[in-house]
Structure formats: C-alpha cells, structure tokens
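A.B. asks: I'd like to ask some things about the structure below.
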Amino acid sequence: MKTTTIQPFFLCIVFLFLSACNETNSQNKKSKPLTQTKKTMAASGLFTGNYAASYENAAISAEMTENQNVVRGFFYMDGVKNEMIAISDRNTMKGKLKDKSKNIHYDFSAVLKDSVLHFSITFPELNNQVIALILTKQSSLTTIENAPISNSKPSATINSKTKDRRLIGTWRYTEVLSSGGYGSNYTSLATDYFIQFKPNGECLSWTGSSAGGSSDATIESRGTGNVTKEGWYTEGKNVIFYDLNTNEETSIPFLADENRFLLKGGSTKIYQRVN
C-alpha cells in the first residue's frame, strides 16, 4: 500500500490562505460608523424679550421672539391683545398687529436702541394717525396685567374695559340757534362743543367759541375755558360715561365712522373729527 505524504510547503500555503480569509471576514463584521445628528439651536434674536410702557396712562406691553429675521409675539394695548408678526433687519423691523376681536390690522415699525424700543403704529380708523410709543425691555414677562400705570383713577378703574378705538381723538359739535325771523328780525348764534376721548379711558369736554348776531349787533365769545373730566368705555353700541368721584354711569347709544361721531342722547348730536 502506498502512503501519500503531505509536504510542509503545501501546509504553509493552506495556513496563509485561511488566515487571509479570517482577516477579511473580521473587517466586514466591523460596524459602520454612526451618522452624527447635528442639533441646531435657534439663536435668540435681538428683539426677543418682553417690553412695557405707558401712553397717556394706558398700559402698553409686548412679548416677542425673533428667529431668522422673523419676529412673532403679542402686543397688548389698553387691555386688547393683538397678534404680532414682523420682518427684522438688524435693529429695525416692520410688520402688522392684528386685533382679532375687530378684525383690524395695524401697520407698525420699530427701532431698538440698547434696551429702548421706539414703536410707531398707524391707526386707519384715526385717519391713519401715527402714534409713537417708547417701550423699555424688561427682565421678566410684563403684560397688560402688571405693566406700570399711573395712579389716576381712570386708569385704575376702567383701563381694562373695552373702548371702541374709532372714538379716540377730539371731536367738535356745532350748535346753531336762530330766531326763525327774517331780515332785521333774524338772529343766530353758533357755538362749538368739544369732546375728547383718550386711550386711557379719560374723557374731556369743553365749550368752544360762539359767534353770531343780527343786523344790528354781533355776538362773539371765546368759550368758558372750563373742562369737564370723566371716564368712558364702550359696550356694544353704547358709550358709557362715568363720574370719577361717584362712579355713577350714563349710557348713551352712538354711531361712529372715521370722521363722524353721533350721540343719540336727549337730542341727537353729530360730531366732526378734529384730530
């Protein structure tokens, strides 16, 4: 019987081949490197923060967040919460405020200098009158509930009540009295009456000048100069005036547009807007 002898050289070749295969399998089994997930943190913008101010004793505040040149938040004016959106450019921004309760939009622009925000709002219902406000950046949230207000009674008692913004401003009603006669018997007298509704809930009224006369005489007066001060707010289609000392209220129906204001009291009076 013939015996086959395996040569040492052949065994060496087989060993090297098996070693190479094991090394390849080991490399294939190595885990692939994990993909790192980058976490992007939104940078806090220049306008991000809370602001507060007081305009004619009316509390004003705002809370806003800026992200990638878009500023969003809420702007509180005299008890009314307005949604806010704007586009920023460095320390300036332009945008709109939206009063959802009345579906009114207000254009605004603002400039931030240090911690002071110079804020300008255009009121379409006031003949596009622009009101400039100065708000200060706060270290904590300040809203209409805790914004600084004056110690005057109108702000403390009715500042949070609804006030129809169409009424804000100064109005004039001219009353004309005449004798009804003709020629030398005719006499007339025209008197201006003014009323001013302030955003803080204060109402001022006074009598202006009077002029008139007849064929024989001329009458002219510069007014009494006495100003009556009371509080005001609105409920539906009624304006409520109230005494600052007794809190006694008087409700009078009204109608208003941008330039005219009608009071339906004991006698109907139509006021024209002055400013």
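The values are calculated or read from the model by the stated rules, or taken from the named source; none is laboratory data. Bear in mind that the values here come from a model prediction, so they are computed numbers and not experimental data. As a convention, Cβ positions derive from the backbone with ideal geometry for all residues, glycine included, and neighbour counts pool all protein chains shown. Note: areas computed on protein heavy atoms with side chains; ligands, DNA, RNA excluded. Shrake-Rupley method; radii C 1.70, N 1.55, O 1.52, S 1.80 Å.
A.B. asks: Hey, any hits in segment 45-58 for a residue that's open to solvent by less than 20 Å² (accessible area, probe 1.4 Å), in a strand (DSSP E or B) and at pLDDT below 85?
C.D. replies: Checked segment 45-58: at least one residue is open to solvent by less than 20 Å² (accessible area, probe 1.4 Å), in a strand (DSSP E or B) and at pLDDT below 85.
A.B. asks: Mind checking which residues of segment 227-265 are farther than 18 Å from Trp171 by Cβ and either part of a loop (DSSP other than H, G, I, E, B) or open to solvent by less than 40 Å² (accessible area, probe 1.4 Å) (or both)?
C.D. replies: The answer is Gly236, Tyr242, Asp243, Leu244, Asn245, Thr246, Asn247, Glu248.
A.B. asks: A follow-up question, please. Among (1) within 13 Å of the chain's Cα centre (by Cα); (2) open to solvent by 40 Å² or more (accessible area, probe 1.4 Å), there is one condition Lys113 misses while meeting the rest; what is its number?
C.D. replies: Going through the list (1) within 13 Å of the chain's Cα centre (by Cα); (2) open to solvent by 40 Å² or more (accessible area, probe 1.4 Å), Lys113 breaks only (1).
A.B. asks: In segment 59-81, which residues are more than 16 Å from Lys137 (Cβ to Cβ), part of a strand (DSSP E or B) and at pLDDT 80 or above?
C.D. replies: Answer for segment 59-81, where residues must be more than 16 Å from Lys137 (Cβ to Cβ), part of a strand (DSSP E or B) and at pLDDT 80 or above: Asn67, Val70, Arg72, Lys81.
A.B. asks: Further question: Is it true that some residue in segment 116-129 is at pLDDT below 90, of a type in the set (Gly, Ala, Ser) and open to solvent by 20 Å² or more (accessible area, probe 1.4 Å)?
C.D. replies: Among the residues of segment 116-129, not one is at pLDDT below 90, of a type in the set (Gly, Ala, Ser) and open to solvent by 20 Å² or more (accessible area, probe 1.4 Å), which makes the answer no.
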